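Everything below concerns the one structure shown next.
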Amino acid sequence: MMPATSPQRRSLRDALGIALALAAPLISLIYLAWLVFGLPFVPFDVFDWMTRVLPGGLITFGIDTMVQTLVALGFDLKDTAKLAEQMMAVAGYLVTLWLMATAFLMLVPLRIGRRGPLFGAAVGLLAGILLVPVVLSVYTTPEVGRLVSVLWILLAHTAWGAALGLVHVWVRPQGRYGEPAPAAEEPGSAETATVPRPVETAPSAGPAAVPIFAETISRRKFILRVGGAAAVITASGAGVATYLRLTKEEPYVGPSFPLPNADARIQPVPGTRLEYTPVPEHYRIDINTIPPDIDIEDWRLEIRGLVQEPLDLSLEQLQTDYPPQEEFVTLSCISNPVGGPLISTTLWTGARLSQVLETAGVLPEAKFVHITSEDGFHETAALDVIRNDPRIMLTYSFDRQPLPQGHGSPLRVYIPNHYGMKQPKWIVGIELTADFQPGYWVERGWSREAIVNATSVIDTVYADGLERKYGSPVVPVGGIAYAGDRGISEVVVRMDDGPWEQAELREPLSGLTWVIWRYSWPFQPGQHTLYVRCRDGEGNWQVAESSDTYPDGATGLHAFRIPADYVFPEG
Ligand SMILES: Nc1nc2c(c(=O)[nH]1)N[C@H]1C(S)=C(S)[C@@H](COP(=O)(O)O)O[C@H]1N2
Ligand SMILES: [Mo]
């Protein structure tokens, strides 16, 4: 006997709940398999693939929105930018699976019976087949062979589909008043349905209508059980991840050598950012959710194109056949907003690029050097520029330590005075060409030259340092100014609409880094805004007019708002 309210279809709410309870454990499983066996983590690969194929404007908008949101929410960008991307990747994948499964549960007729799992498996396999070329084209997460990865992707998604089909037959649809209804109706009884079915996969009645479970269970019970299992899998995944991270991470203990300007007369105002960025805190920007993992033993730098002799150089050759050179370098991302966090300073060590090219014997027709990376990133530099600038180097060390994986291990290039987008990490090839070839971000509309704009930032208004100068209270103010290899000749600060006043400059780590400045602000009670502006070593003032990061890098003055209750002058 059938209850009168027995529905012929699942409600959307039911389908959404069940579909979510199935999508979450698949992701947890794929995640665990990645951590433990190095099998592909599909969400990250799909996300990175989308980053590469979607129009540049959309990606730029996405990055800017993310950076602005994180900064506005007060997050430390170096910790959160990649994490936010990773969360977006997982969320996108989850929602896709969720919607697919919901559609399946809504559209596939309940009387599909024992053919449910088979049909589900076919749907899952199809999803897996679509994902395979995507993952293979990016392939940054797997640490296993391609065949194993392909098999895993197909297997995992087929299993998910089969589970979906099984659950479809197993979990009975909820009646209007919560009464149970059989998952598969008796032959004939379903035919009395007045609601037309959207999809008829089994047009002929017959064996399909025989239920494969002796009993069906309620949605609530199902979600409790599967949800419990999913929670266990997810929690153990997070546990393993935390364990792996804790055992991998080494604490950072400052530079192992004295900084060249340790005795400089001008000292930073407390609250100014560190002049020498600890490497773990160096900002990181690239097109990868997980940085490429290159095996240094197998890696070779391939020099090709218009050369007398193509070369394959090992890292050891680069380190021993060429005299190492060092530079203190400030690197900035072109996406760094004025006052933003995408700028850092450390010590770079490498081999002079012009010398390495000489070994290969550059042919006279060559005009450009096209550098390619493991992740598909690439950039072009003019051969003239490389020949005339001995500072341009193939870098293998940060802070006198091997280049970290996230910063381009084993090799990246340094080109002074240009934004980071001009400086490929994870280099695998250098080709000498006669024709200009636009780089990865240039193809997406960003600046062809990408010369850094002069910029200056107020890091701190040190209220606790309030002191008296000639009897009047002053508050120390400090920050950085940066203009690539042009250096900084002057920094000025002004309050509200007042006159510009000189700040003092600290001797920088090198002519390629930012400069720390300080200024004694004659204290005024009340609410005020301080502005800073700098002049580069060639005498050009920082552009005061505001412009967006796209396409040439941000310009405009950094402002520091001082609330009325910020500083309390002593009696
Ligand atoms: N291979 C590769 N190199 C790359 C990128 C990338 O996505 N892939 N991003 C560039 C950009 S936009 C910047 S700002 C710098 C950042 O270097 P960092 O992460 O070491 O700070 O790397 C550059 N080199
Ligand atoms: Mo960048």
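The values are calculated or read from the model by the stated rules, or taken from the named source; none is laboratory data. If you're wondering where the values come from, they're calculated on a predicted model, not measured in any experiment. Reconstructed Cβ throughout: ideal geometry from the backbone, glycine too, with neighbour counts over all protein chains shown. In case anyone asks, the SASA skips ligands and DNA or RNA and just uses the protein heavy atoms, side chains included. Shrake-Rupley method; radii C 1.70, N 1.55, O 1.52, S 1.80 Å.
The table for this structure:
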| read-out | value |
| --- | --- |
| Accessible area in the full protein assembly, largest first, 1.4 Å probe, for Trp152, Trp500 | Trp500, Trp152 |
| 16 Å Cα-Cα reach of Lys221 towards aspartates and glutamates, excluding residues that sit fewer than 8 places from it in its own chain | Asp14, Glu179 |
| Segment Glu545-Phe436, extension gain: residue separation times 0.36 nm, minus the distance between their alpha carbons | 36.1 nm |
| Gyration tensor over alpha-carbon atoms, the stretch 296-433, equivalent ellipsoid semi-axes in Å | 23, 17, 14 |
| Amide hydrogen neighbours beyond the local backbone of Ile266, cut-off 5 Å, H modeled | Glu507 |
| Calculated log₁₀ intensity ratio I(q)/I(0) where the Debye formula runs over C-alpha points of the chain, q = 0.05, 0.07, 0.11, 0.12 Å⁻¹ | -0.32, -0.57, -1.03, -1.14 |
| Centre separation in Å (Cα based) which lies between the stretch 520-540 and the stretch 111-140 | 60 Å |
| Positive-end extreme of charge dipole, the chain - chosen from Thr345, Tyr519, Gly38 (charges on Cβ) | Gly38 |
| Nearest-10 value in Å² for the accessible area of His378, using the 1.4 Å probe | 20 Å² |
| In nm, spacing of pseudo-spin labels at Asn388 and Glu449 (7 Å Cα→C-beta vector) | 1.3 nm |
| Inter-probe distance in nm under a simple model that places probes 7 Å from Cα toward Cβ, at Arg52 and Met66 | 1.7 nm |
| Assigned charges on the beta-carbon of Lys, Arg, Asp, Glu; the chain dipole about Cα centre (debye) | 2480 debye |
| For the stretch 379-395 and the stretch 431-474, distance of Cα centres in Å | 21 Å |
| Largest-first ordering by accessible area, 1.4 Å probe, given options Phe368, Phe44, Phe75 | Phe75, Phe368, Phe44 |
| Estimated FRET transfer efficiency when R0 is 41 angstrom, pair Arg13-Asp295 (beta carbons, to 0.05) | 0.25 |
| Counted charge near Gly92, where neighbours are those whose Cβ lies closer than 13 Å (Asp, Glu -1; Lys, Arg +1) | -3 |
| Probe 1.4 Å, all protein chains present, accessible-area order of Leu155, Leu466, largest first | Leu155, Leu466 |
